[in-house]
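J.: I have a structure here, written as structure tokens, and I will follow up with some questions on it.
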Amino acid sequence: MAVYTAAAAVLAGVESRQGSLKGLVYASNFQNVKQLYALVCETQRYSAVLDAVIANAGLLRAEKKLRPHLAKVLVYDLLLGKGFRGRGGRWKPLLERHQARLKAELARLKVRQGVSRNEDLLEVGSKPGSASQVPRFVRVNTLKTCTEDAIDYFKRQGFSYQGRASGLEDIRALKGKCFLLDPLLPELLVFPAQTDLHDHPLYQAGHLILQDKASCLPAMLLAPPPGSHVIDACAAPGNKTSHLAALLQNQGKIFAFDQDAKRLASMATLLARAGVSCCELAEQDFLAVSPSDQRYCQVQYILLDPSCSGSGMPSRQLEEPKAGTPSPERLRALAAFQQRALSHALTFPALRRLVYSTCSVCQEENEDVVQAALQQSPGAFRLAPVLPSWPHRGLGAFPGVEHCLRASPETTLTGGFFIAVLERAEVPSSVSQAEAPVSELTPGPAPKRRKRRRKATAAPSTQPGT
């Protein structure tokens, strides 16, 4: 019974925009998170079908005490899921009284639509597609451990390490308990799509960060050397911030801004668990931060990942099948904010390199924003050429757009993403070795697939954040 009540509460929270589906599931304190997440996702996927069946059967009219979200979860499990199987509590006999009518309405719906399978009732956007095949990427937190030790830990748990992937085909072929090292990022492990590591001890202790590959690129491409001062302009939930701290080796300073107090509190917990000690959090609108403030006079690197439509997020497509493309009005409002934020970031006097990124696939939030910002500061900044072998490039026709990067489940086996690297046109000639252009960086040798086991030092600490 508890799982149905928890699932109904999550659905109600999503509908009232209290948070994302996944965030609400993990904030629910329900013990079996995997079970709850699966039930909520499937109920949401069949939402339109369930609404029609419940309405046509007159269930809510007959049972006044049954709330709509709870009814939807119960009817999903009764008709489309695994059945109650000992669950259901006091609602089980109630639903069974209406079972024949509910099944009849589902059958009529199939007849009207000319289909025989339940899944054929789904809209095209609700059916499993390429988004569900994005692998599980796991970033090794080098503030606490190293890639070799993390690999050894997984091998001792029965996983089979396949070495560094040579390309996308190796990643597509992953299955079972096999995993790979990403061909581009030396601290990124790749597992099959359905691998769940939320309860893994290394994740719980902050040794691993569950982060999509595309989301790892902004910090990697910003590439601040240890000792740098960096601004993370729209920082929550904090995965990119923790990545920046790892690149800095906790040496230097990260100024992280976000307006949402709850998200910032969650971010503080994440950073503590990850062992980040070089970050200063501020509950503040980045647009209100003065570039002339002496605290930021040494900031040479800015990561700007502003609020966006989220149209490229695989989890959003799976959790909210009707999300689709945002309305023109919402796109205009988002793009206006994004352009203000980017133009503001470019006014910091010591700025040398900036990464602008979104998890949107809409050109209005991506290339159009970058083009407008560059036009406002003609000649001051340029798009830096990065990752020349990356297969998916920017859209549009303005100079340098080919240097922008795009990502998608179809072309890069990642979430949908956009990244532009802007650098000041006049770069001082004395560039240190640590600041070599990212476009020239190549991964080091992959950890070998050792047959002999050795003692690992990646065992999680008992005190997260240490």
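The values are calculated or read from the model by the stated rules, or taken from the named source; none is laboratory data. Just so it is clear, the structure is predicted and the values come from calculations on it, not from any experiment. Cβ placement follows ideal geometry from the backbone for every residue including glycine, while neighbour counts extend to all protein chains displayed. Surface accessibility is based on the protein's heavy atoms, side chains included, excluding ligands, DNA and RNA. Shrake-Rupley method; radii C 1.70, N 1.55, O 1.52, S 1.80 Å.
J.: Sorted from largest down, give the three principal axis spans of the alpha carbons of the chain, whole angstrom values.
T.: Largest to smallest, the principal-axis extents are 79, 59, 39 Å.
J.: By average Cβ neighbour count within 10 Å, what is the ranking of 113-120, 155-162 from highest down?
T.: Final packing ranking: 155-162, 113-120.
J.: Can I ask one more? Do you know the relative contact order of region 1-73, to the nearest whole percent, from alpha carbon pairs under 8 angstrom that are 6+ apart?
T.: So the answer I get is 38 percent.
J.: Calculate what fraction, in whole %, of the accessible area of the chain sits on carbon and sulfur atoms when a 1.4 Å probe is rolled over the protein chains.
T.: For the chain, the apolar C and S fraction of the accessible surface comes to 51 percent.
J.: Kindly report, to the nearest 10 Å², the accessible surface of residue 216 as traced by a 1.4 Å probe over protein heavy atoms only.
T.: That residue has around 0 Å² of solvent-accessible surface.
J.: A follow-up question, please. With a probe of 1.4 Å, find how much accessible area region 251-401 has per residue, and write the answer as a whole number in Å².
T.: Values: 6750 Å² over 151 residues.
Counting only protein heavy atoms, the per-residue value for region 251-401 is 45 Å².
J.: Report, in debye and to the nearest 20, how large the dipole of the chain comes out about its Cα centre when Lys and Arg carry +1 and Asp and Glu carry -1 on their Cβ.
T.: Charge dipole of the chain: 2280 debye, to the nearest 20.
J.: Oh, and also: So for each of 197-207, 142-152, 55-65 I average, over its residues, the number of other beta carbons within 10 Å; can you give me the resulting order with the highest mean first?
T.: 142-152, 197-207, 55-65
J.: Just how much of residue 313 is accessible, in Å², when a 1.4 Å probe is used and the result is rounded to the nearest 10?
T.: 70 Å²
J.: Under a straight-distance cross-link criterion of Cα-Cα below 13 Å, which aspartates and glutamates are reachable from residue 144, leaving out those fewer than 8 residues away in the same chain?
T.: Hits, sequence-local ones excluded: 187.
J.: Full-extension gain between residue 108 and residue 65, please, as 0.36 nm times their residue separation minus the C-alpha to C-alpha distance.
T.: Length gained between residue 108 and residue 65: 12.8 nm.
J.: Which order, highest average first, do 381-393, 223-235 follow once you tally other Cβ atoms within 10 Å for each residue and take the mean per peptide?
T.: Ranking, from highest mean packing down: 223-235, 381-393.
J.: Let me ask another. Work from the charge dipole of the chain (Cβ charges, +1 for Lys and Arg, -1 for Asp and Glu, about the Cα centre) and give the residue of 12, 422, 43 farthest towards its positive end.
T.: 43
J.: Right, here's the next one. Please report, in whole Å³, the volume per residue of the convex hull around the C-alpha atoms of region 1-75.
T.: Roughly 84 Å³ of hull volume per residue.
J.: Over all distinct Cα pairs, what is the inverse of the mean 1/r for region 142-209, reported as the Kirkwood hydrodynamic radius in Å? The partial results should precede the final answer.
T.: Details: mean 1/r = 0.0809 Å⁻¹.
Result for region 142-209, one decimal place: 12.4 Å.
J.: Let me ask something else about it. For region 89-237, report the accessible area per residue in Å² (1.4 Å probe, heavy atoms, rounded to an integer). Provide the component values of the computation, followed by the final result.
T.: Working: 6170 Å² over 149 residues.
For region 89-237, the solvent-accessible area averages 41 Å² per residue.
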